[in-house]
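Everything below concerns the one structure shown next.
The values are calculated or read from the model by the stated rules, or taken from the named source; none is laboratory data. Since the model is a prediction, treat every value here as computed from it, not as a measurement. Note: ideal-geometry Cβ built from the backbone for every residue, glycine included; neighbour counts use all protein chains shown. Just the protein is used for accessible areas: all its heavy atoms, side chains included, with ligands, DNA and RNA removed. Shrake-Rupley method; radii C 1.70, N 1.55, O 1.52, S 1.80 Å.
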Amino acid sequence: MAELRRPLIAGNWKMNGLRQDSLLRVENIVTALSKISNSTFETLICPPATMLGMISSSIKGSEIFLGAQDCHPASSGAYTGDISAEMLADIGCSHVIVGHSERRLAHSETNKIIFEKASSAIAANLIAIICVGESADQKADGQTKNVILSQLSASLPPHSTSANMIIAYEPIWAIGTGVTPNKYDVQEIHSMIRENLSGIVSSANANQTRILYGGSVKPSNAYEFLSLPDVDGALVGGASLNWEDFMAIAACCLDRE
Ligand code: PGA
């Protein structure tokens with residue numbers, strides 16, 4: 001991987017955890033990180049919205065970034081139950097995941113909605129982590145590349161740059177299943193994404209944009225993915241709920257130097 005892209009290890013906790021255990025998990029991550037001299041990788045945690053305030057306080061002074069799992073496209077208004085990007089920035093978030101497949105599927109989020117959410121995140125000075133990835137059926141139909149290319153071209157705001165946007169490639173069939181693509185397929189898709197980004201955000205930005213892999217990343221397979229030239233980190237679901245596994249995944253970034 002080119003040095004200009006510092007890998008990001010991001011934990012997506014999804015709808016898991018209550019405050020006490022979550023605080024303990026964060027404290028363990030803060031302590032573990034303080035023991036490594038780390039200029040090699042960045043760490044991000046994306047807890048449920050209920051814990052953003054508490055975790056924002058508990059990571060103060062550490063190198064951990066805080067992210068949310070979703071935001072509303074509007075900055076305020078009559079949207080019962082929703083949270084805006086501006087509010088996330090206000091509580092201490094630096095990142096927000098948009099377009100996760102679980103939201104695309106369970107909340108009928110289209111590329112257009114993802115585009116609006118990413119635009120609003122960027123306008124609030126957040127880094128938008130835009131998720132793309134094919135379903136098992138689309139893969140079986142040989143549609144993987146088309147699906148990803150259309151998600152990219154329809155979801156990326158025109159003012160996105162390597163500084164305010166990260167792409168996460170997450171094949172839906174690999175999420176939470178324990179099944180992963182092989183490393184050659186992952187590299188091929190990531191390099192296709194980067195090549196395509198050149199046409200959307202300029203080739204300089206494409207070279208600097210981080211592209212994360214997500215889908216059943218675990219300590220046992222993380223090194224294999226993280227050592228690929230176009231993989232610039234991981235979006236970790238299940239394994240991020242265990243701080244030791246999360247740190248073991250992050251530590252693979254140290255080994256790849
Ligand atoms: P998983 O989830 O690591 O549990 O497969 C990844 C994700 O959904 O971001």
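Across LEU23, LEU4, the residue with the most accessible area heads the list, and the full order at a 1.4 Å probe is LEU4, LEU23. In the P(r) worked out for the range 53-113, what percent of Cα pairs fall beyond 16 Å? Cα-Cα pairs in the range 53-113 separated by more than 16 Å: 51 percent. Taking amide H as placed 1.01 Å from N in the peptide plane, HIS100 has its amide H under 5 Å from the amide H of CYS131, each at least 5 places away in sequence or on another chain.
Find the accessible area per residue for the range 14-72; the probe is 1.4 Å, ligands and nucleic acids are left out, and the unit is Å².
Values: 2970 Å² over 59 residues.
Here the residues of the range 14-72 average 50 Å² of exposed surface.
Would you mind telling me the share, in percent, of accessible area of the range 9-166 contributed by carbon and sulfur at probe 1.4 angstrom?
Details: 3860 of 7300 Å².
C and S fraction of accessible area: 53 percent.
Highest-first packing order for the peptide set 190-201, 125-136, 108-119 is 125-136, 108-119, 190-201, based on the mean count of other beta carbon atoms within 10 Å.
Between the C-alpha center of the range 3-46 and that of the range 77-137 there is a gap of 21 Å.
When each of the peptides 225-231, 40-46, 179-185 is scored by the mean number of other C-beta atoms lying within 10 Å of its residues, the order from highest to lowest reads 40-46, 225-231, 179-185. Taking only the C-alpha atoms of the range 1-87, Rg followed by Dmax gives 14.8, 46 Å.
Expressed as a rounded percentage, what relative contact order does the chain have, with Cα pairs under 8 Å and six or more residues apart? Write out the running numbers ahead of the final one.
On the way: 496 pairs, mean separation 54.6, N = 257.
Relative contact order comes out at 21 percent.
Amide H contacts of ALA74: none lie under 5 Å away among residues 5 or more positions distant or on a separate chain (H built 1.01 Å from N in the peptide plane; Pro and chain starts excluded).
To the nearest 20 Debye, how big is the dipole of the range 19-137 about its Cα centre, given +1 on the beta carbon of each Lys and Arg and -1 on that of each Asp and Glu? Before the final figure, lay out the partial values.
Working: 8 positive and 13 negative charges, 46 e Å.
Value, rounded to 20: 220 debye.
Using the average count of surrounding beta-carbon atoms within 10 Å as a protection proxy, the listed peptides 47-57, 163-173 rank, highest first, as 163-173, 47-57. Of the residues GLN20, GLN143, GLN208, the one that moves most in a GNM of the chain with alpha-carbon contacts below 10 Å is GLN20.
The antiparallel fraction among DSSP beta bridges confined to the range 8-255 stands at about 0%.
Under 5 Å from the amide H of GLU63 lies no amide H of any residue 5 or more positions distant or on a separate chain, with H modelled from the backbone and absent for Pro and chain starts. Measuring between alpha carbons in the structure, the pairs from LYS35/LYS117; LYS14/LYS145; LYS112/LYS218; LYS14/LYS60; LYS14/LYS183; LYS60/LYS145 lying more than 29 angstrom apart are LYS35/LYS117; LYS112/LYS218; LYS60/LYS145.
With kT/(6 pi eta Rh) evaluated at 10 °C and eta = 1.306 mPa s, and Rh the Kirkwood radius from Cα pairs, the chain diffuses with a coefficient of 88 µm²/s according to Stokes-Einstein.
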